1. Can you tell which of Phe22, Phe3 is surrounded by 15 or more Cβ atoms within 10 Å (Cβ to Cβ), in contact (Cβ under 8 Å) with a residue 60 or more places away in the chain and not β-branched (Val, Ile, Thr)?
2. Which one is farthest from Ile25 (Cα to Cα) among residues in segment 45-78 that are part of a loop (DSSP other than H, G, I, E, B) and among the polar types (S, T, N, Q)?
3. Mind listing whichever residues of segment 25-44 are touching a residue at least 24 places away in the same chain (Cβ under 8 Å) and not in a loop (DSSP other than H, G, I, E, B)?
4. Just checking, which of Gln19, Gln39, Gln67 is at pLDDT below 95, out of contact with any Pro (no Cβ under 9 Å at 6 or more places or on another chain) and not β-branched (Val, Ile, Thr)?
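The values are calculated or read from the model by the stated rules, or taken from the named source; none is laboratory data. Not measured: the values here are computed from a predicted model. So basically every Cβ, Gly included, is an ideal-geometry build from the backbone, and we count neighbours across all protein chains shown.
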Amino acid sequence: MTFVINLHKKDKALLKAIQIFFGGIGYIANSGKEAMRFQVTSIKDIEIIIDHFSKYSLITQKWSDFQVLKMAFYSIKK
């Protein structure tokens, strides 16, 4: 399972801030010529993100996307 945020390469500092906010988990890498990604693959670390967004709900379509991620995460964790 993988959690990924892709942004334009000019937003690398924002990805770094997100990584720091979550305690330094995951890594930041190039994602093509014009993009960067923050990626988390550890089940333990993804749980940190799941816990955060369970406490602080997302809005719009991202909320339902998160619900799918959460269901998949707990299915895999079992």
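1. The unique qualifying residue is Phe3.
2. Thr60
3. Ala35, Met36, Arg37, Phe38, Gln39, Val40, Ile43
4. Unique residue meeting the criteria: Gln67.
Here's the yes/no breakdown for (1) loosely packed, with under 15 Cβ neighbours inside 10 Å; (2) under 16 Å from Ile5 (Cβ atoms); (3) aliphatic (A, V, I, L, M):
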| position | (1), (2), (3) |
| --- | --- |
| Ile28 | no, yes, yes |
| Glu34 | yes, yes, no |
| Val40 | no, yes, yes |
| Ile49 | no, yes, yes |
| His52 | yes, yes, no |
| Ile59 | yes, no, yes |
| Ser64 | yes, no, no |
| Tyr74 | yes, no, no |
